Every structure is written in C-alpha cells, then in structure tokens.
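See structure below.
The values are calculated or read from the model by the stated rules, or taken from the named source; none is laboratory data. Just so we're clear, the structure is a prediction, and the values are computed from it rather than from any experiment. The accessibility values were calculated without ligands, DNA or RNA, using every heavy atom of the protein model including side chains. Shrake-Rupley method; radii C 1.70, N 1.55, O 1.52, S 1.80 Å.
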Amino acid sequence: MPDALLFKANVFQALSHPTRIAIVEALRDGELPAGVIVERLGLEQANASQHFSVLRSKNILISRKEGNQVFYAVRDP
C-alpha cells in the first residue's frame, strides 16, 4: 500500500472521535495552552490528555512546554 494512503488512513483514524475533531477545530486559529482547550471544550483533564496523545502520535498536533503549561498547535495548518 502506498505511503500516502497509509498517512491518510492514520489521519482519518485519529479524527474518528468527535472530541479530537473539536480539539483540532479549537486550534484552527493557532496555538493554545492545554488548559484553555480543556476549559473551552468542557473536557476532563485525563480524557483530554489521552486525546492529545493520539493526535500527537499521528503527527496531527505538535506540542511545546513553557513552564508548567503545554501548548498545542496543528502541525500543518
């Protein structure tokens, strides 16, 4: 199977959950701290962390740490 198809399958798999789609949409206008995303979407911290992990593992999100905050952004807007 061509690499492009595998890449697309991974993206679609990562976006198969409504919460993960909402996270990506929240980041549409740029980087946000995790706490802001959690608050805006009304998520539990532990649940949000799992979704962030899936999105990072599929190379959809990138993260950076500043002090005690983690900021997320869409890798390729």
First compute the accessible area of the chain with a 1.4 Å probe, then give the percent of it belonging to carbon and sulfur atoms.
52
If the viscosity is 0.890 mPa s and the temperature 25 °C, what translational diffusion coefficient in µm²/s does Stokes-Einstein give for the chain when Rh comes from Kirkwood over Cα pairs?
192
